[in-house]
Every structure is written in C-alpha cells, then in structure tokens.
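K.L.:
Please read through the structure below; I'll follow up with questions.
The values are calculated or read from the model by the stated rules, or taken from the named source; none is laboratory data. Values in this document were obtained by computation on a predicted structure and should not be read as measured data. Note: ideal-geometry Cβ built from the backbone for every residue, glycine included; neighbour counts use all protein chains shown. Surface accessibility is based on the protein's heavy atoms, side chains included, excluding ligands, DNA and RNA. Shrake-Rupley method; radii C 1.70, N 1.55, O 1.52, S 1.80 Å.
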Amino acid sequence: KPVRFAEIDVVRVSDAVVLATTTTDTAGYYAVVMPPVWDVVYVRVKSVAFPGTSEQAVHTYQDNLYAVAGGELTPSVSQGADISIPTTNPVSAAFNILDLFVTGSEFVSSLAGTYPPPLTAYWAPGGVSGSDIGTFYCVGPDCPVGDGIYILGNSGGDTDGYDDDVVWHEFGHFIADKFSKDDSPGGMHSLTDNFLDLRLAWSEGWGDFFPLAIKHWLSTTGRN
C-alpha cells in the first residue's frame, strides 16, 4: 500500500541537513523543489501523516518518529526516488499503524465533516524497552510517555502492529473520547468477564463495533 499524506525529507548525506520537506499524496507520490545543490542526498519518509487537518503519528518510547530512508543519489534536473518498506523491515509495523490512523481519520471526516484532533501511537519492535506494556488508549498523567494509543510489540513475538482490528478498536476509544462522552472507568477486562461495570462494557462494545464500521465504509465506498 502507499504511504499516504506522510512527511518526506530530502537530507544531505555529508552533514544530515534537511534540504527540503514535503508530503506524499493519496497514492503515495510526492514532488519537491530543491535549492540548487549537487551534493549526495537521500530521501526519507517519517511516521507522521497529515490527512486533511489532522496530524497522526507513530512514535518510539523515546517519543521520536520512525523514519525509513531510500538510497543515496545526486539530484539532477528531474530525479525520482522510491522508498520501499517491506514487512521484513523491523519498523514496518509503524507505517501500518500510521495507515490505519489515516483511514480512521478519513472515515470520521466522512461522517462528522471534520477530522479528529492530533493522535500519537507509541509502539516499538519486540525486545525494545517498553514494547511489552500492552495495547490501550491512555489520557492523563499516568500515561507512560504521553496521551495516545499504546500498541503491543513485545519480544515474545506478539505484536499488534499488524492487528488492524485491535488498532482500530483503540482508535474507536479515542474517537469516543474526543467526539462523545465516554465515562468508562477503564481497567483490565477480558472476554470471560461476567461482572463488568456497565460503562466499561458499553465502551468496549463500541470499540469492537468501530472496526466493523470502518470496514463497511471502505467496502461501500469502493476503497478496499
């Protein structure tokens, strides 16, 4: 899939200076006008996207963006540079999460006429400190890094970075928080629980409904 609405940098190899910045379009294409320079450069795509008026990002647990670079090149009058992110790349899931956020933002905009506020995901490949704390939506002073969605990526091989329904479930909690009034007390819960607070049960039911609503929208609008 294309990396949509993502930030692109043209970086000079010799000193890591960013010479130009732009964003990709809905098909993953981009164009950038650079100052006259004949130094060796590379192009990188970062894990932040701007669908409509929204900013969606995926950060490390050190609160930095992920980036994937293309090969080095010397710019000419018209120069193309492709970046491929195969699933064998350890950080590829960050860009899948970003794509899910972009789709979720477009879905919300189609219904509400406005894009959701900025959202950050915190995710790390297995084995990285902090990657095993689970998948959940968090707001407030007790969040490990900051407000946002924390996505499992632990060293045991179970990462939620490609579990689209799980990510959209948490995105649904984010939307309920920003567009409605979700007074769920939160906390641990499982499918076998029989005595949940009704506010928590409703909120989790909404979270499970949300991915289905997005998939129905994708299907009926021919976006699959």
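K.L.:
Cβ contacts < 9 Å: first residue over 14 Å from Tyr115 (Cα atoms), restricted to segment 170-187; second residue open to solvent by 40 Å² or more (accessible area, probe 1.4 Å) and basic (Lys, Arg), any location; separation 6+ or different chain. Result?
P.N.:
That search, which allows pairs on different chains as well, returns Asp182/Arg199; Asp183/Arg199; Ser184/Arg199; Pro185/Arg199.
K.L.:
Mind listing whichever residues of segment 142-168 are open to solvent by less than 20 Å² (accessible area, probe 1.4 Å) and not in a loop (DSSP other than H, G, I, E, B)?
P.N.:
Gly148, Ile149, Tyr150, Gly153, Val167, Trp168 - these are the residues of segment 142-168 that are open to solvent by less than 20 Å² (accessible area, probe 1.4 Å) and not in a loop (DSSP other than H, G, I, E, B).
K.L.:
In segment 80-137, what residues are in a loop (DSSP other than H, G, I, E, B), under 29 Å from Asp183 (Cβ atoms) and open to solvent by less than 30 Å² (accessible area, probe 1.4 Å)?
P.N.:
Listed by number, the residues that qualify are Pro116, Trp123, Gly130, Gly134.
K.L.:
Only residues that are in a helix (DSSP H, G or I) and open to solvent by 80 Å² or more (accessible area, probe 1.4 Å): list them for segment 174-224, please.
P.N.:
Across segment 174-224, the qualifying residues are Lys178, Phe179, Leu198, Arg199, Trp202, Asp208, Phe209, Leu212, Lys215, His216, Thr220.
K.L.:
I've got another one for you. Among the residues of segment 22-42, how many are at pLDDT below 95 and part of a strand (DSSP E or B)?
P.N.:
2
K.L.:
For Val68, are the conditions met, namely being under 15 Å from the mean Cα position of the chain (by Cα) and without any contact (Cβ under 8 Å) to a residue 40 or more places away in the chain? I'd like the intermediate steps shown before the answer.
P.N.:
Working: under 15 Å from the mean Cα position of the chain (by Cα): yes; without any contact (Cβ under 8 Å) to a residue 40 or more places away in the chain: yes.
Yes.
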